[in-house]
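Here is the structure we will look at.
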Amino acid sequence: MREIIIDGALIKDRESLHAAHRVGLSFPDYYGRNLDALYDCLTDMPYEARIVIVNFAELKENLGKYASAYRRVLCDAAARNERLHLNI
């Protein structure tokens, strides 16, 4: 199982959030680095993966409403792909 830890204290912008997913979950080079592309990659993953989010309050402070939208995308993707596991 692949696992990435998203530390809200370290994620300062959208670019670093998407870079963490692209590298940590081995997304393809054509990954679009936006929430729609994130959802598509997460729902199409053929392997088990866990995303652990720590310091969500700081992530929300750094990214504003985008952090809440990000969280919704993760939850929606996990509901659609049984191989995706979340710890938020």
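The values are calculated or read from the model by the stated rules, or taken from the named source; none is laboratory data. Note that the structure is predicted; figures quoted are calculated from it, not measured. We place every Cβ from the backbone using ideal geometry, glycine too, and count neighbours over all the protein chains shown.
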Hits in the range 12-39 - residues which are without any contact (Cβ under 8 Å) to a residue 24 or more places away in the chain, buried (at least 16 other Cβ atoms within 10 Å of the Cβ) and either part of a loop (DSSP other than H, G, I, E, B) or charged (D, E, K, R) (or both): 22, 27, 31
Boolean, residue 73 is at pLDDT 95 or above and in contact with an Asp or Glu (Cβ under 6 Å, 6 or more places away or on another chain): no
Count - residues of the range 7-33 that are at pLDDT 95 or above, more than 13 Å from residue 63 (Cα to Cα) and not small (Gly, Ala, Ser): 7
Filtered residues of the range 40-63 (kept if part of a loop (DSSP other than H, G, I, E, B) and in contact with a strand residue (DSSP E or B) (Cβ under 8 Å, 6 or more places away or on another chain)): 45, 47, 48, 55
